[in-house]
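Here is the structure we will look at.
The values are calculated or read from the model by the stated rules, or taken from the named source; none is laboratory data. None of the values given here were measured: they were computed from a predicted structure. Cβ sites come from the backbone with ideal geometry, for glycine too, and all protein chains shown count toward neighbours. These area figures cover heavy atoms from the full protein model, side chains too; ligands, DNA and RNA do not enter into them. Shrake-Rupley method; radii C 1.70, N 1.55, O 1.52, S 1.80 Å.
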Amino acid sequence: SAGIIGLLIVYGLLQERIMTIPYPDSGGGNLELFKYSVFLIFLNRLFAVIFALCMAKRNGEELRNMAPLWKYLVVSAANVFASSCQYEALKHVAFVVQMLGKSFKMLPVMLWSLVLTRKT
């Protein structure tokens, strides 16, 4: 599990590096930030699909859809939108701040759950 966490940290730091370091524009003159975060998400998801197909083939799993296609579309669209927001946020806050914010969102849910169930 330490390896997975380590790789996620490296992945996050690379995300931050790509989105915060200025690159020369196509003319080679002005420096500007990476603009097309959706392209990075596309490459990430393309790699994930290829990897998933390879693993399913290796394990002899069926590739047929079990749920209606529109349900996959809703989940996929929400995931791409959230990832776009995450990449764009890296232009304004550090990766560590972003992770703390994402982790903190569970705290109000847990506290509200305690209030509703009246447990201490």
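Side notes on the structure shown:
- Applying a threshold of 6 Å to beta carbon distances and a minimum spacing of six or more residues, or different chains, the list of pairs starting in the stretch 65-85 at a residue that is at pLDDT below 90 and ending at one that is not hydrophobic (A, V, I, L, M, F, W, C) reads SER84/SER37.
- Pick from the stretch 55-77, criterion open to solvent by less than 80 Å² (accessible area, probe 1.4 Å) and not polar (S, T, N, Q), ranking: nearest to LEU90 (Cα to Cα): ALA77
- Candidates VAL38, VAL10: the one that is β-branched (Val, Ile, Thr) and surrounded by 12 or more Cβ atoms within 10 Å (Cβ to Cβ) is VAL38.
- LYS35 vs. criteria of a type in the set (D, E, K, R) and in contact (Cβ under 8 Å) with a residue 12 or more places away in the chain: no
- Test for GLY12: is it modelled with pLDDT under 90, farther than 26 Å from SER76 by Cβ and assigned to a helix (DSSP H, G or I): no
- Number of residues in the stretch 93-108 that are among the hydrophobic types (A, V, I, L, M, F, W, C) and open to solvent by 100 Å² or more (accessible area, probe 1.4 Å): the value is 3.
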